[in-house]
Every structure is written in structure tokens, then in C-alpha cells.
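Structure first, commentary second.
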Amino acid sequence: MTAAPMTGRPGDTRIAVVGGSIAGLTAAGLLRDAGYEVDVYERSPGPLSGLGTGIVVQPELVRFLLERTGTTLDDISVPSSSVKYVNAASGAMIGQTDVGWRFTSYNALYHRLLGHFGRERYHFSCNLERVVDDGDQVELFFSSGEVARADLVVLADGGASAGRRQLTGVTPEYAGYVTWRGVAELDALSSRTLDFFDDAFSYGLLEDGHLIAYPIPVVDAEGRVRRGLNYQWYRNVAAGPELDALMTDRNGVRRPTSVHHHDLHPDVLAGFEESARHRLDDMFAELLLAAREPFVTVIADAEVPRMRIGRCLLIGDAAITPRPHAAAGGAKACADAWALVDALTGAGDDLDGALSRWETHQLAVGRAYLRKVRRMAEVLQHGGPFPPGDPAYRFGLPAVTTV
Ligand SMILES: Cc1cc2nc3c(=O)[nH]c(=O)nc-3n(C[C@H](O)[C@H](O)[C@H](O)COP(=O)(O)OP(=O)(O)OC[C@H]3O[C@@H](n4cnc5c(N)ncnc54)[C@H](O)[C@@H]3O)c2cc1C
């Protein structure tokens, strides 16, 4: 039997999106607006929490919410007026640039994106195990035993993507360090510490790692928004026994990616708090020790050779997983989605050509971004020079030309 030609047109193309986070929901919303029938399959049994962590606002990250949902920047983010560079061991100020960034949080974005898409065609508890593309349609096999079918599949299942592993063999590579994260309530901080951190993105530089801190909107279970202070401490940890001990939870299970606060081994948490007290200056130590429910995540990255494999299209972290230092991983994920929908809707009679140009361009963007964040990690994790305001280390996606 000959495979039916794929047109990519809304009228005869049913699309399944695997992974209902930033990339998946942005792609699903755009595809639905373009007239496609779209279902989202998310492995989580209920709404994602994102653990309250912060994200720097980039234009691509919020474009869908601002252009298509009536959301304003004030609804989802808080402003700041400078970037501070501090020696995090001594507290000595290294420099400051008067650049304003806005900060949002995973929860603020996710709840708006999910609220807009709705839950009717957003299917929880769908953990993708296997994809079978028979050239005519794609079948998605979930661990529940359910099977879904679609003409095109957008794989937006994140940094540990099952789709990527199966289709390309690529798995994430440990970067040699982890990040501890947490959010402090403002009233848990002294006025000196609050004043220092509250209106800035702050870098705390160390010989063997670095910290960042910035204000974010914290969304509670009822959807109320208040301001909190978010931090991350990127710490070098050698692969092997040292990393294994850190990532082994209180029940003795070695976690691959993150250990959430309630699962942390008590010795690991005590060691972290001890390091905060003894290695950091007073203000950083106060922020870290005041933060609720710190947790730890390994930093890893991955790069695919292809973003299109037959009828399957990889986007966001499922395609290229970057380290977070230029604050634009979510922006890259959304840019993949916007460009994909432009390619599909503008393909005319040449869908293969349109998808091939999409793949070439988005791979170039992702690879350039990955090179940039790896260069940043080389200096930030090893006490290298990180001059205030250096344009090479400015947040955002690099400009790329592929035509
Ligand atoms: C510490 C840190 C800080 C960051 N800071 C920023 C920042 O300031 N600015 C910025 O733009 N980006 C930032 N990022 C990056 C950003 O969070 C990611 O790039 C972004 O979340 C990628 O979105 P995504 O939808 O591709 O993947 P994810 O957000 O990882 O979502 C993947 C989704 O797929 C689901 N899933 C996974 N496996 C399956 C499966 N088998 N079947 C079904 N569903 C599945 C998951 O549950 C999840 O919902 C940061 C990342 C980290 C780790």
C-alpha cells in the first residue's frame, strides 16, 4: 500500500502534541488558532507545578500570551531596574549595569497557557512510551495501554524526551554541575537583604560556581499572585559517587534529574545549609536559608541531529536542551513552535521544503544558543572573568541567518 501524501493543511491534518508544558501548550494554541484539530498528551496526572521557579521574560516566551490571550506583562511578571555583580563569598560589589528585565515564573505562564487551551483536549496521565510512524499515520503508545493516532506529532516532551531517545538515540549529557533552587517570602527577609535583591537580577560569583537571585510572581493554588525572591546556586559536583550521593533520596532511590524538597536525604539538606552558612556572605546566606523547600536539579544538555523524523517534529527542550545561563530556553521552545506553525500554514504545495527550512533554521538557532550557554558556563562555574554588562553574555537568543 502506498502512503498517503501528507499535505499539512488544517482540513486534513490531525495533530498530536506530546508534553503539555511551555513548548507544547504554545504549539497547541497556535495550531488550534490556525484551524488544526489538536490534542495534547501530558504524562503528569494533574496540572504541573513548576515548583514556583523563576523565568526571565524574553519576547518569544510571552508572545503567544500577549498576542492571543489578552494577557498583559503586568499580569504575569514583575519588573527590575538593574543587574548586579557581587562576590558571593565576601559580599563585595563587583559592578552594576542599569538594565531592566522582567521576571515571571513557571506557574504564572503555565496556568495562563493551560487556562487558554482548556482541558477538553488536554489529556493528563498520558506517558508516551513509543511512537510508530507507518508513513501514513503515527501511533502513540502510552504506558496506560492507551493508543492515540495522528497525522503529525509534535514532540514537546522536554529535556528527557522519550520521543527523542527513541527516534534519534540522543540522551542528555551531564554538564558537571547541579542547581539548588528555592523561593523566599519577602517578609522572611531583613530589610537590608530585601532592598538589595528586590529590584535587580543579581549574580553572586564564586571561584567554583555561581548564584543568581531575582524577584518573581508567586502563584498560589487559588491563582492569587504575590511577590517572592527566587534564587539558584549552581554548584560543581563530580559525576560518580559524589553526584550519586547528592541525588539519592531519603528512601535510597537514585533520582535521574531532580530531588524535590520532601524527598531530599536529611544529610544532603544539612550539607547544603551548612555550605550556605559557611561559604556565602550574609545576604546570600540569609536568602538561601529563608527560602521555602529548596530542591536540587542536575544540569544537562542535549542536541539532536534532526528535528523532523518523518511525521514527528521535535521542539523545545525535546530537540535541543540548553543550560539555563542566558535565560532563553523557554523562549527557544516558543520560537520553535511559532516557526513550525508558520512553516505548516505557509507550505502551499511544498510541505517537505517548508519543514526542511524550518528544521535548518531552528537547528541553527538552538545550536548557536547552546554554544553561547556552554561558553557562559565555562566562566561562571570556574571563576573566569564575567565582566559586568559584557554583551557576549547578555540574556536572549542569538540572531541567526540561514538563507
Ligand atoms: C534551572 C532552570 C532555569 C531556567 N530559566 C529559564 C529562564 O529564565 N528563561 C527561559 O526562557 N528558560 C529558562 N529555562 C528553560 C526552560 O524552563 C525550558 O527551556 C522550558 O521549560 C522548555 O519547555 P519545554 O516545553 O520544551 O519542556 P518542559 O518544560 O520540560 O516540558 C516537558 C513536558 O513534557 C512532559 N513529558 C515528559 N515526558 C513525557 C512523556 N514521556 N509523555 C508525555 N509527556 C511527557 C513533562 O511532564 C512536561 O510537561 C530554565 C531551565 C532550568 C532547568
Open item on the list: I'd like to know which of Ser258, Val225, Ser161 lies farthest towards the positive end of the charge dipole of the chain, counting +1 on Cβ of Lys and Arg and -1 on Cβ of Asp and Glu.
Closed with: Ser161
- [ ] Mind pulling the per residue volume of the convex hull built on the Cα atoms of the chain? Å³ is fine.
- [x] 143
Open item on the list: Can you show me the helix-derived [θ] at 222 nm for the chain, built from DSSP H runs with n ≥ 4 at -39,500 (n - 2.57) apiece and divided by the number of residues, rounded to the nearest 500.
Closed with: -10000 deg cm²/dmol
TODO: Determine the dipole magnitude for the chain: charges of +1 sit on the beta-carbon of Lys and Arg, -1 on that of Asp and Glu, nothing else is charged, the reference point is the Cα centre, and the result goes in debye to the nearest 20.
DONE: 340
TODO: Report Rg(Cα)/(2.2 N^0.38 Å) for segment 226-361, keeping two decimals.
DONE: 1.45
Task: Sulfur and carbon atoms: percent of accessible area, the chain [1.4 Å] - done: 49
Task: Relative contact order [Cα under 8 Å, 6+ residues apart], the chain, whole percent - done: 21
TODO: Pop out the ³J(HN,Hα) list for segment 383-398 in order, Karplus 6.51 cos²θ - 1.76 cosθ + 1.60 with θ = phi - 60°, rounded to Hz; leave Gly and Pro as x.
DONE: x, x, x, 10, x, x, x, 4, x, 5, 10, 5, 4, x, 7, x
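Rank Val253, Val138, Val99 by accessible area, highest first, at a 1.4 Å probe radius?
Val253, Val99, Val138
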Task: Net charge contributed by nearby residues that have their C-beta within less than 11 Å of Asp12 (K/R +1, D/E -1) - done: 0
Task: Probe 1.4 Å, protein heavy atoms only - accessible area per residue of segment 161-211 in square angstrom - done: 40
Open item on the list: Through the Karplus equation 6.51 cos²θ - 1.76 cosθ + 1.60, θ set to phi - 60°, convert the phi angles of segment 43-48 into ³J(HN,Hα) values in whole Hz; use x for Gly and Pro.
Closed with: 6, 5, x, x, x, 6
Open item on the list: What number comes out for accessible area per residue over segment 1-120 if the probe is 1.4 Å? Units Å², please.
Closed with: 43
- [ ] Return one whole number: the accessible area per residue of segment 262-378 in Å², for a 1.4 Å probe.
- [x] 36
Open item on the list: What does the net charge come to around Asp390 if you take all other residues with beta carbon closer than 14 Å to its beta carbon, with K and R at +1 and D and E at -1?
Closed with: +2
- [ ] Find how many whole Å separate the alpha carbon centroid of segment 219-264 from the alpha carbon centroid of segment 117-196.
- [x] 17
Open item on the list: Using a 1.4 Å probe on the protein heavy atoms only, what accessible surface does Glu146 show? Give it in Å² to the nearest 10.
Closed with: 110
TODO: Distance between Cα centroids, segment 58-97 to segment 301-350: provide it in whole Å.
DONE: 24
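What is the local net charge at Asp199, summed over the other residues whose Cβ is closer than 15 Å to its Cβ (Lys, Arg +1; Asp, Glu -1)?
The answer is +1.
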Open item on the list: With every protein chain left in place and a probe of 1.4 Å, what is the accessible surface of Val298, to the nearest 10 Å²?
Closed with: 20
TODO: Just need the Rg to Rh number for segment 28-164, please, alpha carbons only, Kirkwood Rh.
DONE: 1.09
Open item on the list: For a distance above 16 Å, tell me the whole-number percent of Cα pairs in segment 266-341 that qualify.
Closed with: 65
- [ ] Rounded to whole Hz and in sequence order, give me ³J(HN,Hα) for segment 152-158 from the Karplus expression 6.51 cos²θ - 1.76 cosθ + 1.60, θ = phi - 60°, writing x for Gly and Pro.
- [x] 9, 10, 9, 8, 10, 9, x
TODO: Translational diffusion coefficient, Stokes-Einstein: compute it for segment 131-210 using the Kirkwood radius over C-alpha pairs as Rh, at 25 °C and 0.890 mPa s, and state it as an integer in µm² s⁻¹.
DONE: 138
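The values are calculated or read from the model by the stated rules, or taken from the named source; none is laboratory data. All of these numbers come straight from a predicted model, not from anything done at the bench. Reconstructed Cβ throughout: ideal geometry from the backbone, glycine too, with neighbour counts over all protein chains shown. To get the accessible areas, we keep the full protein, side chains included, count just its heavy atoms, and leave off ligands, DNA and RNA. Shrake-Rupley method; radii C 1.70, N 1.55, O 1.52, S 1.80 Å.
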